[in-house]
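Visitor: Pasting a structure here, questions to come.
The values are calculated or read from the model by the stated rules, or taken from the named source; none is laboratory data. These figures come from a predicted structure and were not determined experimentally. Here Cβ is always computed from backbone atoms with ideal geometry, including for glycine, and neighbour counts include all displayed protein chains. Quick note on the areas: whole protein, heavy atoms, side chains included, nothing else; ligands and nucleic acids left out. Shrake-Rupley method; radii C 1.70, N 1.55, O 1.52, S 1.80 Å.
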Amino acid sequence: MVSIQQDEAIGKLPAGELQAELALFLQPVMRRLPEKRLRAVGQLAVQGILSSQSPVVTRMARGVAREGKTIWPASKRIYRFVDNERFSHRDLLKGLYAIAQRIVADYAPSHLVVAVDQVNFEKPYTQELEGVSTVIKSTPPPPRGQKKRLTSGYPAITATVVNLPEPAVTYANWFSYVTADFVSENREIYHAIRTTRALFPETKLRFVGDAGLDDQKFFQQLALVRAEFTIRSCHNRTVEVYNDRLERWEAELLYDLTASVPLSLKLHVAFTHARKVRHVNLELGWLMVRLPGTQQVLWAVVAHDPDSDRDLVLLTNIPVRTAADAQTVYTEWRYRPRIEHTYRFDQEAGLDVEDMRVQTLERMRRVVALVLMAALFV
């Protein structure tokens, strides 16, 4: 390390302009650090992640080392930063959330569409790291044709505003299944909801999620914070539908109802997967249902793909009474995959967050916060 010098490519970057823009972007974060030196090193660490496209401290240091100098002094400063006891990862996250508040204030939207998503980060062959857990991964695919595999790693959850020109993270947590501070995944989701509402107490919130959030507990949690939601259904649960003729609610299976719902709206939609665009003529229908246990009234929006003869069922508490309402619900739910682009940039196609090599959970959480800042800056 004492003989490794600055990366030659770094000297060709417009360092002055980059540092000025980065300092402005990171102001909400740096205000929460207790002293000037820590603020300088925090900005240096984010700049190193951007320059090296890596969360490894020595590579970060190589991206910011002075011309003609070795990386040892910069490495030592960053290692001390991730191990400093005068602040915690929560201070970095509070700064990250303040950046989200600033972004939302700049655009002033009528409402926020927030995608809540869980993701597992892999640390292959790891056994001794603090809090290492067994997680499920589907990429890259396992041998013998299975869709998923078990591996060592850490689960994480984020909430991200996805209806603005730039993303804004309103909650992030890298956690462990085996540490004392873990209660349940439902609790982590509830923290994401509560934190987002605390950041934007007067703003209309609409949460969108994939099938993993199809849970009545989640629906109730959102009702407690006065939020709307649209979630992809994955359970053929029993629901109640109102019989106008007999003037009563009757129990039916959800998918039996959605299979026969009138499809009164046609949409031409483009899907992009693996850089390939597929155009589909979708048909939309909707109906009102009620959950038997909680008596919560929901609407089921059905998107039928005639080419593959498949139905996508979305459950929402947004009243759907017209074709325009159904189209709005479906269109806003389609914002959700934008959060996966951020994950892909963090993991595979950009900053390689899974390659971090610090060894305690607190240090990992600090590095993850720094990587998120770098990703949002980009």
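Visitor: Cα-based Rg of the range 127-212 per 2.2 N^0.38 Å, rounded to two decimals?
Guide: Compactness ratio reported: 1.33.
Visitor: May I pose another question? Please report Rg over Rh for the range 74-123, where both radii come from the alpha carbon positions and Rh follows the Kirkwood definition.
Guide: When Rh is taken as the Kirkwood radius, the ratio is 1.13.
Visitor: If you take all C-alpha pairs in the range 243-378, what percent of them are over 19 Å apart?
Guide: The share of Cα pairs beyond 19 Å in the range 243-378 comes to 64 percent.
Visitor: On a 0 to 90° scale, report how tilted helix 89-107 is relative to the longest principal axis of the chain, with both axes built from alpha carbons and the result rounded to the nearest 10.
Guide: 60
Visitor: If you take the beta carbon distance between ASN120 and LEU312 as r and set R0 to 22 Å, what does 1/(1 + (r/R0)^6) give as a FRET efficiency, to the nearest 0.05?
Guide: That gives a FRET efficiency of 0.35.
Visitor: At a 1.4 Å probe radius, which order do THR322, THR179 fall into by accessible area, largest first?
Guide: Final ranking, largest accessible area leading: THR322, THR179.
Visitor: Sticking with this structure for a sec: Quick one: pull the percentage of alpha-carbon pairs in the chain with a separation above 27 Å.
Guide: 55
Visitor: I need the calculated FRET efficiency for the pair ARG344 and TYR242, taking r as the beta carbon distance and R₀ as 41 Å, to the nearest 0.05.
Guide: 0.45
Visitor: Which stretch or stretches of the range 246-288 have amide N atoms under 19 Å from the point lying 7 Å from ALA323's Cα along the Cα→Cβ direction?
Guide: Correct set: 261-270, 280-288.
Visitor: Under a 1.4 Å probe, what is the accessible area of the chain per residue, stated in Å²?
Guide: For the chain, the per-residue accessible area is 52 Å².
Visitor: Quick one: net charge around PRO28, please, counting Lys, Arg +1 and Asp, Glu -1 for every other residue with C-beta under 9 Å from its C-beta.
Guide: +4
Visitor: Evaluate the relative contact order of the chain (contact order divided by residue number), counting alpha-carbon pairs under 8 angstrom at least 6 apart; express in whole percent.
Guide: 17
Visitor: Moving to a separate point now. Order TYR154, TYR335, TYR190, TYR107, most accessible first, counting only protein heavy atoms with a 1.4 angstrom probe.
Guide: Order by accessible area, largest first: TYR107, TYR335, TYR190, TYR154.
Visitor: Something else: How much accessible surface area, in Å² rounded to 10, belongs to the heavy atoms of HIS268 with a 1.4 Å probe?
Guide: Rounded to the nearest 10, the figure is 130 Å².
Visitor: Further question on the same structure: Using alpha carbons only, how many angstrom separate the centre of the range 171-250 from the centre of the range 86-115?
Guide: What the calculation gives is 21 Å, centre to centre.
Visitor: Something else: Under 8 Å for C-alpha pairs, at least 6 residues apart: give me the relative contact order for the range 254-330, rounded to a whole percent.
Guide: Once normalised by length, the contact order is 24 percent.
Visitor: Solvent-accessible area of ILE71, probe 1.4 Å, all protein chains present, reported in Å² to the nearest ten, please.
Guide: It works out to around 0 Å².
Visitor: Quick one: order ASP309, ASP325, ASP181 from most to least accessible surface, probe 1.4 Å.
Guide: Ranked from most to least accessible, the order is ASP309, ASP181, ASP325.
Visitor: Within the range 169-254, report the trypsin sites (Lys or Arg not before Pro) that DSSP leaves as loop and that have at most 12 other Cβ atoms within 10 Å.
Guide: Here the sparse-neighbourhood loop sites are ARG226, ARG245.
Visitor: Another question, then. Please give the contour-minus-distance gain from GLU35 to SER138: 0.36 nm per residue of separation, less the Cα-Cα distance, rounded to one decimal in nm.
Guide: Extra length available between GLU35 and SER138 comes to 32.8 nm.
Visitor: Using a 1.4 Å probe on the protein heavy atoms, what percent of the accessible area of the range 220-262 belongs to carbon and sulfur?
Guide: So the carbon and sulfur contribution to the accessible surface is 46 percent.
Visitor: How much length is gained on full extension from GLU362 to ARG290, taking 0.36 nm per residue of separation minus their Cα-Cα distance?
Guide: Extra length from GLU362 to ARG290 when fully extended: 21.6 nm.
Visitor: Could you calculate, for the range 326-378, the ratio of the Cα radius of gyration to the Kirkwood radius, expressed as Rg to Rh?
Guide: Rg divided by Rh gives 1.16.
Visitor: Which of GLY212, GLY293, GLY350 ends up with the largest GNM mean-square fluctuation for the chain, with Cα atoms connected below 10 Å?
Guide: Taking springs between Cα atoms under 10 Å, the residue moving most is GLY293.
Visitor: Right, another one. If we count every other residue with Cβ under 11 angstrom of THR58's Cβ, Lys/Arg +1 and Asp/Glu -1, where does the sum land?
Guide: My count for the surroundings of THR58 gives +4.
Visitor: Mind checking which lysines have their C-alpha under 29 Å from LYS76, skipping anything on the same chain fewer than 8 residues away?
Guide: Here the lysines satisfying the reach criterion relative to LYS76 are LYS12, LYS36, LYS94, LYS123.
Visitor: In degrees, nearest 10, range 0 to 90: what is the angle between the Cα axis of helix 36-52 and the longest Cα principal axis of the chain?
Guide: So the inclination is approximately 70 degrees.
Visitor: Per the Kirkwood treatment, what hydrodynamic radius in Å, one decimal, follows for the range 159-257 from the mean inverse distance over all distinct Cα pairs?
Guide: The answer is 15.9 Å.
Visitor: Under 11 Å from the Cβ of THR170, count the other residues' Cβ atoms, weight Lys and Arg +1, Asp and Glu -1, and hand me the total.
Guide: So the environment of THR170 carries a net charge of +2.
Visitor: For a quick check of understanding: with a 1.4 angstrom probe and all protein chains in place, what accessible area in square angstrom does SER260 have, to the nearest ten?
Guide: So the heavy atoms of SER260 present about 90 Å² to solvent.
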